[in-house]
Amino acid sequence: MVRVRVLVVDDHRIFAESLAAALAAEPDVDVSAAGSTVAALRCLERAGSEGRRFDVLLVDADLGGGHPGVSGAAGAGSGSSAGARLALPSQASGGPAAAGAEGAGLVAGAGLVAGDGIALVATVRSAHPGVRTVVLAEKDDPRRAAQALQAGASGWVAKDCSLSRLLTVVRGVLRDETHLPPALLTGVLREMTAARRHRTESERLVESLTPREREVLRCMVAGLGRKAVAERLFLSPHTVRTHMQNVLGKLGVHSTLAAVALARRAGVGPVDLAGDVVERGGQPA
């Protein structure tokens, strides 16, 4: 019998424990539970290092992490309901205070948005590409479901669905299937089409920039101010100001934040602040 290893990630302890226990009653399912993003990442790393990687991640769409008693926790099951549990922070190594400090570092290092299960989906896709993820949601939301799929999720399931339905989805995603509630299909397709259209338009606007303006835009994406950009590109602050105004005008926006958001949609990343290469007069220095 091929066993399926599942990790439940939800900051509502009763729900997580109940779901883990129900899944663990299946003869071919081994299940563990984590109460936060930090605990989930810790579980995934530990399982990978021990050669027992998880197959499927079930993650709460609105994952928080600030609920007392679960914020730094991770529990493990072994295929029986007795083993499927969510540990308290005091059971985790280092105790609550240490877990909180370590958690802050992990979240910051992973670039996650606190309280967002979809951000965890994206991180897992990048760090653990072999793990399939299914998002558990309180309600059907086409926009959020589309975001989850774009982040790398293989399915979106209502929290009030039946256990048999959830097991069908878990086994389906392991066959590279994508599962969505039928009622969400039209809305999700509409959202993904709109996102693609916005991305294409953003790419067209960015392509209208000169090479120097694109470099200034990448500096803006990196969060550099006018003076820092001037020092990096060996330009005067006045010249940088002119370039920034031209960037905003060509992109059709009125603020740096809006320009950065558009650049991100177009796939423009920040300039490498750690690199030693800068430009002087358009040429590498």
So what is the accessible area of segment 163-221 per residue, in Å², with the probe set to 1.4 Å? 57
Gain upon complete extension [residue 208, residue 139; 0.36 nm per residue less C-alpha separation]: 20.7 nm
Burial order of peptide ranges 135-141, 118-124, 52-58, 154-160 (average beta-carbon count within 10 Å, highest first): 118-124, 52-58, 154-160, 135-141
Could you tell me what percent of the accessible area of segment 180-235 is made up of carbon and sulfur, with a 1.4 Å probe and every protein chain present? 55
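The values are calculated or read from the model by the stated rules, or taken from the named source; none is laboratory data. Quantities reported herein were computed from a predicted structural model and do not represent experimental measurements. Virtual Cβ from ideal backbone geometry, glycine too; neighbours counted across all protein chains shown. Side chains included, ligands, DNA and RNA excluded: accessible areas come from the protein's heavy atoms. Shrake-Rupley method; radii C 1.70, N 1.55, O 1.52, S 1.80 Å.
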